[in-house]
Amino acid sequence: MNVTLSSKLPTSIKADCLVVAVPDQEDWPVSTTQADEALGGLLSQLQKEGDISGKLASTLLVPVTGQPWNRVLVVGTGVDRDRSAASYRKALSAAVGQLRDGSSKHVVLTLAETATNSSADTEADRVSLIGRILEDQLYRFTQFKSEKAPSRKLNKVTVTASGSGKGLKDALETGLATGRGMNLTKDLGNTPPNICHPTWLAEQAEKLSKEHKVVKTEILDEKQMKKLGMNTLLSVSAGSAQPARLIIMEYRGGKSDEKPHVLVGKGITFDSGGISLKPGEGMDEMKYDMGGAASVFGTMQTIAELQPAINVVAVVAAAENMPSGTATRPGDIITSMSGQTVEILNTDAEGRLVLCDTLTYVKRFDPATVVDLATLTGACVMALGHHATGLFSNDEGLAERLLAAGERAGDRAWRLPLWDEYQAQLDSNFADMQNIGGRPAGAITAACFLSRFAKDYPWAHLDIAGTAWHSGKAKGSSGRPVPLLVDYLLSNVGK
Ligand code: BES
Ligand code: MN
Ligand code: ZN
């Protein structure tokens, strides 16, 4: 996909389709008025007749003659005073969704002109968002369909803006790279679990560092992890025919003495629950239990493309959770890499088991911050639904930076407490702790468990169980929280 900026008059650019915005009732953006004038008032006429309403995310495709463009796509941006970053994203997504299956090859997009009411909104933000949404909305996962869908016609987008200087160009690149990162995340998440197993995930990391030489990859196998004492991680893969892998990816774009920002991803390539087997309904969706890992991969790809001046280390704990004669039993007590002992009362609470050893492992990088990403608890979905990621942190500043990044990126998180009172739910009669905290506040007790292994650095945990994928008819990976993570990492440049 060829996406470029242009400061030319939109109506003068030769293209298959011109995309313009129409608000509900209020004054039109300049480009819309110009298109209307070029068309002898056709758009005003259509509005009078009720074909164009301006209703948020409505679209109308109008074939035209005698213009440098063969069609005009009118996109409703809703009532002006309600116009937020979220409604802007909705209108943009509707436009791109319409273009995805259309017959236009070259499209001119004037939507960067349409400001939102947010005081933080700049033209660069809108250009960046256009880049991201173009990539995100044009994504398809068709690898396993034998009947190939007709290939997409759209291959060139010209984004009109007030200029095409470095600031706007960088913004466009950031958005496009973020969208491509989301798409890598989606590809990994959607890949079926008979293919996407820990060894395959490790190969994807090697592929990433082949394509982007700035990323260095190291893979630890089970023997090496055993030697390090990563027993809780290995207790999860014990029942699986697929061996676990620890996948380390390093990007060093900052000064050599600058502490790295560390990302840790839960990479359970399939979570059957183990001996504490899950019920059958919807179990296929547990292929998405490597969503944290997938978002780490996507973010690393975006960082590799943008090459900001920061150091980032990503570590993915990859394992498959299966029942078998060699599987870990409820009642087993395991000594973690930190030396703390864990009584496993439910083998389905496996995410915290692979993460806790990884949180101990990353101490060696002397991190500035550690953020882990995990589809950790069904309880988080009960608490926040599918709109917000659950955020937990032992550091006020880090929590605020992550919340702000999510807000800016339209990929929101919401903070839940890590108060000491909850820790008691993890008391075990036989070991230092047990791996479950009972039904009340399940997302919080899971985070409390992790906090015991993350005491030596500023740490945050993002529970993405409700946000990493969509269920139902639109089943598929969402690419979240790549936008949040990219925004957060870039906000650390020069800090
Ligand atoms: N991967 C699941 C969490 C999950 C469940 C995410 C459903 C998204 C949708 C996790 O490993 C798990 O099974 N958690 C248990 C923990 C419980 C046994 C304490 C859960 O949430 O039920
Ligand atoms: Mn589980
Ligand atoms: Zn799981």
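The values are calculated or read from the model by the stated rules, or taken from the named source; none is laboratory data. Since we're looking at a predicted model, the values are computed, not measured. Reconstructed Cβ throughout: ideal geometry from the backbone, glycine too, with neighbour counts over all protein chains shown. For accessibility, only protein heavy atoms count, side chains too; no ligands or nucleic acids. Shrake-Rupley method; radii C 1.70, N 1.55, O 1.52, S 1.80 Å.
Just a few scattered comments:
- Fraction of accessible area attributable to carbon and sulfur, the range 180-491 (%, probe 1.4 Å): 52
- Placing +1 on the Cβ of every Lys and Arg and -1 on the Cβ of every Asp and Glu, with no other charges, gives the range 180-491 a dipole of roughly 560 debye about its Cα centre.
- Diffusion coefficient, µm² s⁻¹, Stokes-Einstein with Kirkwood Rh over alpha-carbon pairs of the range 91-217 at 20 °C and 1.002 mPa s: 128
- Against the main long axis of the alpha-carbon atoms of the chain, helix 85-100 sits at an angle near 70°.
- Neighbourhood charge, 12 Å Cβ-Cβ cut-off, centred on Ala112 and excluding it, Lys, Arg +1 and Asp, Glu -1: -3
- A simple count of charges around Ala413, restricted to other residues whose Cβ falls under 14 Å of its Cβ and scoring Lys, Arg +1 and Asp, Glu -1, yields -1.
- A quarter of the convex hull surface defined by the alpha-carbon atoms of the range 388-488 gives 7.6 nm² as the mean projection.
- Relative intensity, log₁₀ I(q)/I(0), of the range 262-359 from a Debye sum that treats every alpha carbon as a point, q = 0.10, 0.16, 0.21 Å⁻¹: -0.33, -0.74, -1.05
- Here the range 162-224 yields Rg over Rh of 1.15, to two decimals, using C-alpha coordinates and the Kirkwood radius.
- 5 angstrom amide H check on Ser240, placed H, neighbours 5+ away: Met322
- Crossing angle, helix 442-451 versus the chain [Cα axis fit, 0-90 degrees, rounded to tens]: 70
- Positive contributions from Lys and Arg (+1) and negative ones from Asp and Glu (-1), summed over other residues with Cβ under 15 Å from the Cβ of Ala304, come out at +1.
- Percent of Cα pairs in the range 2-163 per distance bin of 10 Å, from zero to the largest separation: 10, 42, 35, 10, 2.
- Amide proton proximity set for Asp24, modelled H, under 5 Å, gap of 5+: Thr77, Gly78, Val79, Asp80
- Residues whose amide H falls under 5 Å from that of Ala460, counting only those 5 or more places apart or on a different chain, are Val370, Val371, Asp372, with hydrogens built in the peptide plane.
- Cα-only Debye scattering, the chain: base-10 log of I(q)/I(0) at q = 0.06, 0.07, 0.09, 0.13 Å⁻¹: -0.30, -0.40, -0.64, -1.15
- The candidates Leu277, Leu233, arranged from most to least accessible area with a 1.4 Å probe in the full protein assembly, appear as Leu277, Leu233.
- Rounded to 10°, Cα long-axis angle of helix 166-190 versus longest principal axis of the chain: 50
- Across the accessible surface of the range 2-163, with the other protein chains kept in place and a 1.4 Å probe, carbon and sulfur atoms take up 48 percent.
- The Cα-based radius of gyration and maximum Cα-Cα distance (Dmax) for the range 342-422 are 14.1, 41 Å.
- Remark: the chain carries 41 Å² of accessible area per residue (probe radius 1.4 Å; ligands, DNA and RNA excluded).
- Phi-based couplings in Hz for the range 268-283 (Karplus 6.51, -1.76, 1.60; Gly and Pro marked x): 7, 6, 7, 10, 7, x, x, 4, 7, 4, 6, x, x, 4, x, 5
- Calculated P(r) of the range 176-272 - Cα pairs past 18 Å, %: 55
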